[in-house]
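Notes for the one structure printed next.
The values are calculated or read from the model by the stated rules, or taken from the named source; none is laboratory data. Since this is a predicted model, take the numbers as computed values, not measurements. Don't worry about glycine lacking a Cβ; one is built from the backbone with ideal geometry, like all the others, and counts go over all protein chains shown. Side chains are part of the model used for accessible areas, which takes the heavy atoms of the whole protein and leaves out ligands, DNA and RNA. Shrake-Rupley method; radii C 1.70, N 1.55, O 1.52, S 1.80 Å.
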Amino acid sequence: PTQPHTILLAASPPRLKQTHTLEQKTIMTNETNFHGKAALGRILEAASSSLSSGSALRAIILKALTDPNIHHGFDELKSVVAATVEKDGSLSDGKALLNTLDLFSFGTLADFKKAPDDYLRLSEAQLAKLRQLTVLSAVQEVCARGRDSMTYSEIAQNLDFPDDESGVKKLEECIVSCVYSDLVSVRLCQKSKLCRISTRAGPPCQVRDVRLSDLPLAIDELKKLQHRIKGSRNDLESSKQHIKTMKVAAHRQREAFEQEEKQEAMRYKTTNVRNLSGWENIGASVSGSSTRRQTKRNRGALAAGSNADSHQRC
């Protein structure tokens, strides 16, 4: 913990005290996405080559539901296997298979609890994965509302955890597993029982499959996003132009100020020269007066000396 009662979740293996830069986090996320796409690609390839066998398709579907690297693409898998599963009479649970693919594509644990007979019986690993997808849906809904946090109770209400200390511990472990799977980017505060969504290292969460019925809404949201981006671009261009105008004005003001300083320096220099010339003239006149006074004194002294000589002769 970086602060008291706070868990700072980073994309690092459990029980390793590490910090990662944004660049390292991006590389690790890209690697996780790569492994997920590779695993999904192998599943789709195997399903395409096993369309003649319903039992083989069932095993492939169960593998996709259990694989910890696959969290999307279940709708794509359904589009590949749906025709074969529906026609194959040997699969008594063919409809449940397709419903389970829909559950992992768009549903949550609460949907499974409402009608468990409509789906396959899930293993513990598959239930844990469905809980992760439920947390991902909760984070997506919160982000869509413009919020940056949600309470433990908001998340726990769809995860079927008990409302006690053990339930809180299971909830935190589930969210931590989502972080380590790069499904969400959040921080947990145990003191305030808050889950804070972080966007510093990229998108706050991954995306789930989209229903065909939701495509018009998704397209509308993308158009709104495009409009906001266009408006932001226009604002950015206006800001650039304003900055450019202010830069030119500042440059002109600096030039005028420098020119004014030069003129002031020239005036100061000219004034000093004039003052020095005036002081030189005053000094010359004072020197001339002193010389004249000295000459008069000398003459007076000579006259006094002549008179004294005359008295002595007499």
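Of note:
- Flag if D163 is more than 24 Å from I70 (Cβ to Cβ) and part of a loop (DSSP other than H, G, I, E, B): yes
- Filter pass, S213 being assigned to a helix (DSSP H, G or I) and within 25 Å of E76 (Cα to Cα): yes
- Complete set of residues in region 99-113 that are open to solvent by 20 Å² or more (accessible area, probe 1.4 Å) and in contact with a Ser or Thr (Cβ under 7 Å, 6 or more places away or on another chain): T108
- Screening R131 with (1) surrounded by fewer than 18 Cβ atoms within 10 Å (Cβ to Cβ); (2) under 28 Å from the mean Cα position of the chain (by Cα); (3) under 19 Å from L62 (Cα atoms) gives one miss only, at (1).
- Residue check, V207 open to solvent by 80 Å² or more (accessible area, probe 1.4 Å) and β-branched (V, I, T): yes
- Summed over region 45-98, the residues that are open to solvent by less than 30 Å² (accessible area, probe 1.4 Å), closer than 21 Å to L122 by Cα, outside any helix (DSSP H, G or I) and free of Cβ contacts under 8 Å to residues at least 40 places away in the same chain give a count of 3.
- Neighbours by Cβ (under 6 Å, 6+ apart or cross-chain): first from region 108-136, within 16 Å of I175 (Cα to Cα); second outside any helix (DSSP H, G or I) and hydroxyl-bearing (S, T, Y): T134/T108
- Residues located in region 78-134, provided they are farther than 28 Å from I155 by Cα and among the hydrophobic types (A, V, I, L, M, F, W, C): V80, V81, A82, A83, V85, L91
- If you go through region 158-197 and keep only what is among the polar types (S, T, N, Q), over 19 Å from E124 (Cα atoms) and surrounded by fewer than 16 Cβ atoms within 10 Å (Cβ to Cβ), you end up with Q190, S192.
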